[in-house]
1. Run residue 50 past the list (1) in contact with a strand residue (DSSP E or B) (Cβ under 8 Å, 6 or more places away or on another chain); (2) surrounded by fewer than 16 Cβ atoms within 10 Å (Cβ to Cβ) and report the number of the one that doesn't hold.
2. With (1) closer than 19 Å to residue 18 by Cβ; (2) at pLDDT below 95 as the list, and residue 117 as the residue in question, which single condition is left unmet?
3. Go through (1) among the polar types (S, T, N, Q); (2) closer than 24 Å to residue 114 by Cβ; (3) surrounded by fewer than 18 Cβ atoms within 10 Å (Cβ to Cβ) for residue 38 and report which single condition fails.
4. Can you name every one of the helices (runs of 4 or more DSSP H) wholly within segment 1-111 that holds 2 or more residues which are more than 14 Å from residue 126 (Cα to Cα), aromatic (Phe, Trp, Tyr) and free of Cβ contacts under 8 Å to residues at least 40 places away in the same chain?
5. If you take the residues of segment 65-112 that are buried (at least 17 other Cβ atoms within 10 Å of the Cβ) and hydroxyl-bearing (Ser, Thr, Tyr), which of them is nearest to residue 130 (Cα to Cα)?
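The values are calculated or read from the model by the stated rules, or taken from the named source; none is laboratory data. Only a predicted model underlies this, so the values are computations on that prediction, with no experimental measurement involved. Methodologically, a virtual Cβ is constructed for each residue, glycine included, from the backbone with ideal geometry; neighbour enumeration extends over all protein chains shown.
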Amino acid sequence: MTVTADTTGVAALPGQIVDAWARHDAQAFADVFIEDGTMILPGVYVKGRDNIAQFMGGAFATAYQGTKVTGTPFDVRQIGPGVVLLLTEGGVIRPGETEVAENAKIRASWLAVERDGVWKLAAYQNSPRD
């Protein structure tokens with residue numbers, strides 16, 4: 001289904017994540033999610049905005065220190081009123097690199113919901129591209 005004018009805010013979600021990541025701002029990253037949103041990464045399951053902020057704060061101080069992230073949408077589908085599935089390709093850009101390494105490329109599913117006119121993530125999951 002083609003995304004309609006009332007769902008175009010979904011397209012801003014990856015940019016909000018990229019911006020929060022660039023600033024290593026765990027709270028801004030988590031604020032993209034609904035209160036009980038979920039984030040699944042390889043080996044990681046986190047539920048709840050506060051827990052996502054805590055996880056990302058630790059990750060930005062360790063494994064993701066000095067990194068950037070990128071994500072390019074390749075499919076957007078309106079599932080129903082106020083629900084959109086967004087699929088992206090991208091990954092983490094390590095310090096000193098200008099693009100995602102081949103072995104670090106991922107595909108991600110973003111389940112977005114509209115709440116009071118604002119689009120937020122209900123669920124995010126990524127896995128290796130290959």
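1. Looking at each condition in turn, residue 50 falls short on (1).
2. (1)
3. (3)
4. Numbers: elements: 13-22, 26-30, 49-61.
By residue number, 49-61.
5. 88
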